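Below: the structure, in structure tokens.
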Amino acid sequence: MDVTARQDSPIIGLKKFNNWTKSVLISKFAHAAAPPGSGGGGRRAGIKVLDIGCGKGGDLPKWAKANTDEYIGIGQWNTQSGPHMSTGNGAAYSVPVG
């Protein structure tokens with residue numbers, strides 16, 4: 001779905017609320033779950049995320065804003081080559097589905 005079609009959705013308000021809620025939860029609990037460390041700038045080190053069912057990776061910017069160290073998203077979306085896995089660094093790899 002492109003941006004224009006998303007804005008025309010009859011439930012766009014609900015989608016925006018859901019997106020905001022996930023942003024708040026990610027920013028609040030990502031840091032609480034990570035052990036204190038020397039991540040520089042007072043940030044905690046060791047935040048690693050395995051996002052199963054990440055879809056097209058729409059939450060990736062939220063996890064990046066939470067200063068995660070590693071992100072792996074596994075999800076299936078409609079592409080010609082089938083399911084993919086995103087590493088959060090712009091790379092996507094095909095994943096065989098048994």
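FYI, it's all coordinate maths here, none of it is from the lab. All figures in this text were calculated on a predicted structure; none of them were measured in a lab. As a convention, Cβ positions derive from the backbone with ideal geometry for all residues, glycine included, and neighbour counts pool all protein chains shown.
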- Measure off 7 Å from each Cα along the Cα-to-Cβ vector at HIS31 and ASP69, then give the distance between these two points in nanometres to one decimal. 1.7
- Item | Added length on full extension, which subtracts the Cα-Cα distance from 0.36 nm per residue, SER23 to ALA5 | 4.2 nm
- Task: Could you list which residues have their amide H under 5 Å from that of VAL49, counting only those 5 or more apart in sequence or on another chain, with H placed in the peptide plane?
- Result: GLU70, TYR71, ILE72
